[in-house]
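The values are calculated or read from the model by the stated rules, or taken from the named source; none is laboratory data. Source: prediction; values computed, not measured. Here the Cβ is made from the backbone with ideal geometry for all residues, glycine too, and neighbour counts use every protein chain on show. Heads up: the accessible areas ignore ligands, DNA and RNA and are worked out on the full protein's heavy atoms, side chains in. Shrake-Rupley method; radii C 1.70, N 1.55, O 1.52, S 1.80 Å.
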Amino acid sequence: MNPIRRYLHWLHGQWPAGAVERLPECNQDGSTRIPGLYIVGDLRGVPLLKFAADSGARAIHAIRAMRGFVAANGEAGADVVDVAILGGGVSGAAAAMEATKHGLTFRWFEASEPFSTIVNFPRRKPIFTYPKSMTPAGELRVSADVKEALVEELVAQARRAGVTPETAHVARVERRGDGFDVALSDARTIRARHVVCALGKSGDFRRLNVPGERLDKVTNRLHDPADFAGRRVLVVGGGDSALETAVALTDAGARVTLSYRGDTFARPKHENVEALARAQNAGRLRVLMSSTVKEIRPDAVDIATGDGRVEPLPNDDVFVMIGREAPLGFFRRSGIHLHGERSRRTWVAFASFVAFCVALYNWKSGGALGNLFYQRHWWPVSIADAARALAPGSLGSVLLTSASSPSFWYTLAYSALVTVFGVRRIRRRRTPYITLQTSVLMAIQVLPLFILPEILLPYLGANGLLPAGVLDALFPVVDYGHGREYWRAYGFVLAWPLNVYNVFTNQPLGWWLAIAFVQTCVLIPVLIYFWGKGAYCGWICSCGALAETLGDRHRHKMPHGPFWNRFNMVGQVFLAFAFALLIFRAIGWIWPGSFAGRWYDYLLTKAPVINYVWFVDLLWAGILGVGLYFWFSGHVWCRFACPLAALMHIYTRFSRFRILADKKKCISCNVCTSVCHQGIDVMQFANRGAPMEDPECVRCSACVQSCPTGVLSFGQVDRSGRVVSRDTLPASPVRMRE
């Protein structure tokens, strides 16, 4: 491995890069872009029975709370029902029971039998009813800890409530007028005012896509392990279903081999991993890690092992237990938007917003649009003339002078967005951690990043209230605006190389060089050592402020996977660019007129297309950083291209900060990964119970706050990996309730 590859592997490439499952888009209450249509149950991304029951009941509550809603109150012969409930699982039953309780008319449809997913579990399968302290909304309760008892419990509750699903397959739903057409596969159409989609992950089983997979001996379900006593069985997969199937078959007397493509079991529950290990240690079960099935034959299976060999394994039966896809076809036919899928209309909106950002940053940077906006014929009196008409040094004069620059209006709008959406984030998330973090972000954006440079310092300077030495050292004299470069005060917060302009000057500004050095090489490393990169990115930086507030509802749009993890390294290129400019600038100071000074000018502003000011500061940090917000998450700039973040990645490799995980509580739902603004595969760490140490983390707390079982928490570890402290500021709603 060459030195660059070794460096990139050490810095970031060694961490996992899992993908996010494609599911329908919905809000926290299950509502979708289609008014009146709600998503509940497993399709919300949390495979827990209590959450399924809770979401089904709450969807009915949301429907009843809609403005202008009036229930049909069970009127006989009504052509339109209040609710169509699709799916006969736990969430569908909870919705039906709640609809009955509140007098709503409904039709409940199930393609096979009630609670079919649970009915098809293996015999005596253990049931995990997490979180223990949670009581779902509605009437349906789940308490049994074994499959058979759970089915009896659920069926009995539905019978007592008088709800029974109709056997019918729903082909699609279509919004028409003030309701929905629910099209059944037998050509019937039902009218409903609202739809609750509780289908669960009832789509096709995932396939291995190998020769022989369609042989009769290959199946995706285990009903009774006793049927396979004495037979040679291969189980493929590494999740809970695969491990439970392998252990159940082994206990029933089958000769079982488990094949898994990974090198460690990251997804299954702790109890299942321990049960598998006991069977393996007793010599009753064989486990082939880092292996893949190459071909399935009538009497054998060819398996490629981790060392590259292909081993023919004598075999009678194969269980492919690698999960199921959500019913994506149904969602597409029904116009329900899926995470990660973009229509032509979406791309048109995306292109239009990027075009708007091009215009915005052209205006802000003093381009043609900025000049046009400030031409005298647009206004009776220019803003600058109005400022000169007032008493010098007055607050009005200072405000109008600042307002004569596009940057004032841009920063004002930026601060307003951070404040408005910050308040919304606090109200939506409701944890002490997010309340404090967001309040700090808002305060820093409004005070040192707007009021200080745009109003306070100009006012104090104009009235002689600042020492002349301080003014000369920090804010050189210029012949425009306030007469001094008060904009340099942004450098008190925005450190080099995020803000390069206090360092890249024609003559060295000693105090700013000292401030930049202390910030970048002393204060930030100390912060990161104890609290991680996010101590700056998620609590101080203005880029992070907008991403965590305006971008809060769009965090799930961040792309995940190996390609995007490699793309993270673009920031290292920009960091190298910034260091090269710094070296050329320093040489130019020492030897004025040398080649270094000329190269510095060329690379900073004059190189076609790739000069630093245009390519990094304007295109990536501005146009793309904001233009991609609503399609690729708010942290696009922070994750992929920010040179300061790239430098902090290096510091973070020596940090004590970690996201800690209680593996026993992890249910492998992948919610933590799906909400990560930075594309980190948090679940892979949580599954192993390993502290999360990916340097991309910005401490936003989304994974901790969203985890349905309270697995995650912030903390610190020593060099041996021993936990030395945990954060006391609560970030997990589940842990707050426990």
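See the values below:
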quantity	calculated
Charge dipole (the stretch 1-157, unit charges on Cβ, about Cα centre) - positive-most of Ile127, Ala53, Val40	Ile127
Dipole magnitude (debye, nearest 20) for the stretch 348-500, charges at Cβ of Lys, Arg, Asp, Glu	820 debye
Longest to shortest principal axis, alpha-carbon extents of the stretch 9-56, angstrom	49, 25, 14
Evaluated at q = 0.29, 0.31 Å⁻¹: base-10 log I(q)/I(0), Debye formula over Cα of the stretch 574-623	-1.02, -1.09
Surface/4 of the Cα convex hull for the stretch 619-738, nm²	7.9 nm²
Given charges at beta-carbon only (K, R positive; D, E negative), |dipole| of the stretch 503-609 in Debye	240 debye
Alpha-carbon spread of the stretch 608-663, three principal axes, descending order, Å	50, 26, 10
Protein accessible area in the stretch 1-115, 1.4 Å probe - carbon and sulfur %	52 percent
Charge sum, other residues only, whose C-beta stays under 12 Å from Cys700's C-beta, Lys/Arg counted +1 and Asp/Glu -1	+3
Furthest towards positive pole of dipole, Phe714, Val493, Asn362, structure part the chain, Cβ charges	Val493
Lys/Arg +1, Asp/Glu -1 at C-beta; the stretch 216-284 dipole; positive extreme among Pro225, Val256, Ala242	Val256
Hits among aspartates and glutamates - C-alpha to C-alpha of Lys201 under 17 Å, sequence gap 8 or more where chains match	Glu21, Glu25, Asp42, Glu110, Glu113, Asp240, Glu325
Sequence-distant residues sharing a close amide H with Ser31 (under 5 Å, placed H)	Ile39
Listed pairs Lys217/Lys664; Lys147/Lys557; Lys132/Lys557; Lys147/Lys269; Lys50/Lys533; Lys294/Lys557 exceeding 28 Å between Cα atoms	Lys217/Lys664; Lys147/Lys557; Lys132/Lys557; Lys50/Lys533; Lys294/Lys557
DSSP H segments from the chain that extend 18 Å or more along their own axis, Cα-based, with Kyte-Doolittle mean of 1.6 or above	570-590
Surface accessible to a 1.4 Å probe, per residue, for the residues of the stretch 244-369, Å²	50 Å²
Those lysines that a straight Cα-Cα span of less than 23 Å connects to Lys606, excepting residues fewer than 8 apart in one chain	Lys364
Computed magnitude of the charge dipole of the chain (debye, nearest 20; Cβ of K, R +1, Cβ of D, E -1)	360 debye
Kirkwood-based Rg to Rh ratio, the stretch 173-271, C-alpha trace	1.18
Whole-percent carbon and sulfur share, accessible surface of the stretch 211-339, 1.4 Å	47 percent
Compactness index (Cα Rg / 2.2 N^0.38 Å), the stretch 62-198	1.11
DSSP bridge pairs, the chain: antiparallel proportion in percent, nearest 5	55 percent
Per residue, in Å², the accessible surface of the stretch 62-220 once ligands and nucleic acids are set aside, probe 1.4 Å	50 Å²
Per residue, in Å², the accessible surface of the stretch 444-496 once ligands and nucleic acids are set aside, probe 1.4 Å	45 Å²
Proximal charge balance of Arg255 [Cβ under 15 Å; K/R count +1, D/E count -1]	0
